[in-house]
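Okay, structure first, notes after.
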Amino acid sequence: MIMPKKILVVLGPAGSGKSTQIEFIKRDFGYKPLSMGDALREETKKKTRLSKEIQNYIVQGKLVPLELASDLMLGKIKKEMSSKLLLDGFPRELEQAVVFDYFLYSNDYQLVGVININVHKKECIKRLMLRKRKDDTETAITKRLEDYYTITKKVIERYKEKGKLMDINGNKPIEDVYKEIKRKLKKWKI
Ligand code: ADP
């Protein structure tokens, strides 16, 4: 029998510490991370018209258009040989989630669950100010956080209704946040 490939999704506001926790999950559970933000930043280096367009969205902290985001991420997933994938930052809006769920269903992937790292807005801003990534300007940060609490919220609700959501308190030291994730992941038998 062919086992379906497993997919975990990690969501959280900008500055919630997603990438740090993802590294731990990778180490302990053998899931291979695929980051939407990294994939887009990689695209911007290509010096095509599309790359300029993507750069414009990133600079403003705006979500890139649905088709672009979905094509890029689903294309990456399809090319992946690993049987356990960990998505960072996708799906981030409801329409992406609809496309994603259909993709999973028609390509025989199993969505293990969606981890949502909750961190207070003020704490996120504080952390992002320290990070100094190029797109961590005040305007872009404000936009990304605003979108998380309005647009991504709907994705979170969708998976909550499906019984696929793992809510995590991210307002704690890194190790404590991971302890909570690890304990819950073990219960999920991933
Ligand atoms: P953060 O988690 O700090 O917000 P990311 O690296 O995940 O940063 O994203 C950086 C930028 O890439 C976003 O501001 C947005 O422009 C774009 N982006 C990331 N994920 C998506 C997505 N799922 N759909 C559309 N655009 C996205």
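Take the conditions (1) part of a loop (DSSP other than H, G, I, E, B); (2) of a type outside the set (Gly, Ala, Ser); (3) open to solvent by 10 Å² or more (accessible area, probe 1.4 Å); (4) in contact (Cβ under 8 Å) with a residue 24 or more places away in the chain; LYS47 misses just one of them, which is (4). Of all residue pairs spaced 6 or more apart or on separate chains, those with beta-carbon atoms under 9 Å, a first member in the stretch 57-83 that is in contact (Cβ under 8 Å) with a residue 40 or more places away in the chain and open to solvent by less than 30 Å² (accessible area, probe 1.4 Å) and a second member that is away from the ligand (no atom under 13 Å from the Cβ) and aliphatic (A, V, I, L, M) are ILE77/ILE7; ILE77/LEU85.
Looking only at residues in the stretch 75-98 that are more than 11 Å from the ligand (Cβ to nearest atom) and aliphatic (A, V, I, L, M), the one that is farthest from the chain's Cα centre (by Cα) is MET81. Scanning the stretch 87-112 for residues that are in contact with a helix residue (DSSP H, G or I) (Cβ under 6 Å, 6 or more places away or on another chain) and either assigned to a strand (DSSP E or B) or among the aliphatic types (A, V, I, L, M) (or both), we see that the one that is least open to solvent (accessible area, probe 1.4 Å) is ALA97. I'd like to check something: does the stretch 20-36 contain any residue that is farther than 23 Å from ASN118 by Cα, of a type outside the set (Lys, Arg) and open to solvent by 80 Å² or more (accessible area, probe 1.4 Å)? No, the stretch 20-36 contains no residue that is farther than 23 Å from ASN118 by Cα, of a type outside the set (Lys, Arg) and open to solvent by 80 Å² or more (accessible area, probe 1.4 Å). Within the stretch 154-176, being open to solvent by 70 Å² or more (accessible area, probe 1.4 Å) and either within 14 Å of the ligand (Cβ to nearest atom) or in contact with a helix residue (DSSP H, G or I) (Cβ under 7 Å, 6 or more places away or on another chain) (or both) holds for LYS154, ILE174. Take the conditions in a strand (DSSP E or B) and at pLDDT 95 or above and apply them to LEU145. Does it pass? For LEU145, the condition - in a strand (DSSP E or B) and at pLDDT 95 or above - is not met. Taken over the stretch 114-134, residues that are within 10 Å of the ligand (Cβ to nearest atom) and either under 17 Å from the mean Cα position of the chain (by Cα) or surrounded by 21 or more Cβ atoms within 10 Å (Cβ to Cβ) (or both) amount to 2.
Assess whether LEU111 counts as being touching a strand residue (DSSP E or B) at 6+ places or on another chain (Cβ under 8 Å), away from the ligand (no atom under 14 Å from the Cβ) and of a type outside the set (S, T, N, Q).
Working: touching a strand residue (DSSP E or B) at 6+ places or on another chain (Cβ under 8 Å): yes; away from the ligand (no atom under 14 Å from the Cβ): yes; of a type outside the set (S, T, N, Q): yes.
Criteria met by LEU111.
The values are calculated or read from the model by the stated rules, or taken from the named source; none is laboratory data. Since the structure is predicted, the reported quantities are computational estimates derived from the model, not experimental observations. So basically every Cβ, Gly included, is an ideal-geometry build from the backbone, and we count neighbours across all protein chains shown. With ligands, DNA and RNA removed, areas are computed over all heavy atoms of the protein, side chains included. Shrake-Rupley method; radii C 1.70, N 1.55, O 1.52, S 1.80 Å.
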